[in-house]
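S.K.: Mind having a look at this structure? Questions to follow.
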Amino acid sequence: MSDVLDDPRPDFLAATDWFGQVVRGVAPGQLGLPTPCEGWTVRDLLDHCVQVLRRTLARLTGAEFVPLPTGVPDDAWASLVSAADGELRAALADDDVLTRTVVTPRGETLGADLLRTYTGEFFVHAWDLATATDQESEGPADLAARTLARTQRSLPAEPRNPAAFGPVVAVAADAGPTRRLAAWMGR
């Protein structure tokens, strides 16, 4: 278990802030574009991320997870991300979420550790969306560097679950920290 004294909420919220910024830059005409996530379009990735925001809220609060309905209108994604993010932010105001035991498909973990995991996920998915929609793909450098260091400690280069992560991708020596994080995640 991690040290909950290292409060992961500021980094998590900064990652979802950048993610939300990128989502607001996605035009409805870009929803069918492919993303660096193999086999996923921009719409697929947005659906996944809104579901993760909602699932995280349910896990941290003990509420029932209710998936998004199918057929989300093209112009509704930014407002769905904003609403889910707002509900999650309200729940994160409770310090007890850090020490709460939550159940995930991989077993039980602390709320703090769940937030650390999803910080990386949202940061990399923001990169995925930015790359797919031709937006600036380097997020906040300090957050990217911290997230990269934490991810490299928790996700080894080998062995990996190929269903979840591709092999580490080589990048230029001068690549920014967000690009290096995406490469570590197999993109």
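S.K.: Being in contact (Cβ under 8 Å) with a residue 40 or more places away in the chain, of a type outside the set (K, R) and either more than 25 Å from P67 (Cα to Cα) or buried (at least 19 other Cβ atoms within 10 Å of the Cβ) (or both): is that true of A112 here?
M.R.: Answer is yes for this residue.
S.K.: Name the residue, out of R153, R160, that is surrounded by fewer than 17 Cβ atoms within 10 Å (Cβ to Cβ), without any contact (Cβ under 8 Å) to a residue 24 or more places away in the chain and out of contact with any Phe, Trp or Tyr (no Cβ under 7 Å at 6 or more places or on another chain).
M.R.: R153
S.K.: Here's a check for you: in region 1-57, which residue that is assigned to a helix (DSSP H, G or I) and among the small types (G, A, S) is farthest from A144 (Cα to Cα)?
M.R.: Per the criteria, the residue is G29.
S.K.: Restricting attention to region 69-82, which residues are in contact with a helix residue (DSSP H, G or I) (Cβ under 9 Å, 6 or more places away or on another chain), assigned to a helix (DSSP H, G or I) and surrounded by fewer than 17 Cβ atoms within 10 Å (Cβ to Cβ)?
M.R.: D74, D75, A78, S82
S.K.: Exactly one of (1) in contact with a Pro (Cβ under 7 Å, 6 or more places away or on another chain); (2) modelled with pLDDT under 95; (3) not small (G, A, S) is unmet by P105. Its number?
M.R.: (1) is the only condition that P105 fails.
S.K.: Between a residue in region 168-187 that is closer than 19 Å to R146 by Cβ and surrounded by 18 or more Cβ atoms within 10 Å (Cβ to Cβ) and any residue that is of a type in the set (S, T, Y) and modelled with pLDDT under 95, which pairs come within a Cβ distance under 8 Å, given they are 6 or more apart or on different chains?
M.R.: Going by the 8 Å Cβ cut-off, the qualifying pairs are L181/T147; L181/T151; W184/T151; M185/T151.
S.K.: Looking at the structure I just gave you, is A63 farther than 17 Å from G120 by Cβ, outside any helix (DSSP H, G or I) and either under 16 Å from the mean Cα position of the chain (by Cα) or of a type in the set (A, V, I, L, M, F, W, C) (or both)?
M.R.: When the stated conditions are applied, A63 passes them.
S.K.: OK, next. Restricting to region 125-178, and then to whatever is of a type in the set (S, T, Y) and assigned to a loop (DSSP other than H, G, I, E, B), can you tell me which residue is farthest from V23 (Cα to Cα)?
M.R.: Out of the qualifying residues, it is S137.
S.K.: Scan region 20-68 for residues that are crowded, with 20+ Cβ neighbours inside 10 Å, hydroxyl-bearing (S, T, Y) and at pLDDT 95 or above and report the count.
M.R.: 1
S.K.: Identify, from the list D134, D128, the residue that is free of Cβ contacts under 8 Å to residues at least 12 places away in the same chain and not β-branched (V, I, T).
M.R.: D134
The values are calculated or read from the model by the stated rules, or taken from the named source; none is laboratory data. Please read these numbers as outputs of a predicted model, since none were measured by experiment. With ideal geometry, Cβ positions are generated from the backbone for all residues, glycine too; neighbour counts draw on all protein chains shown.
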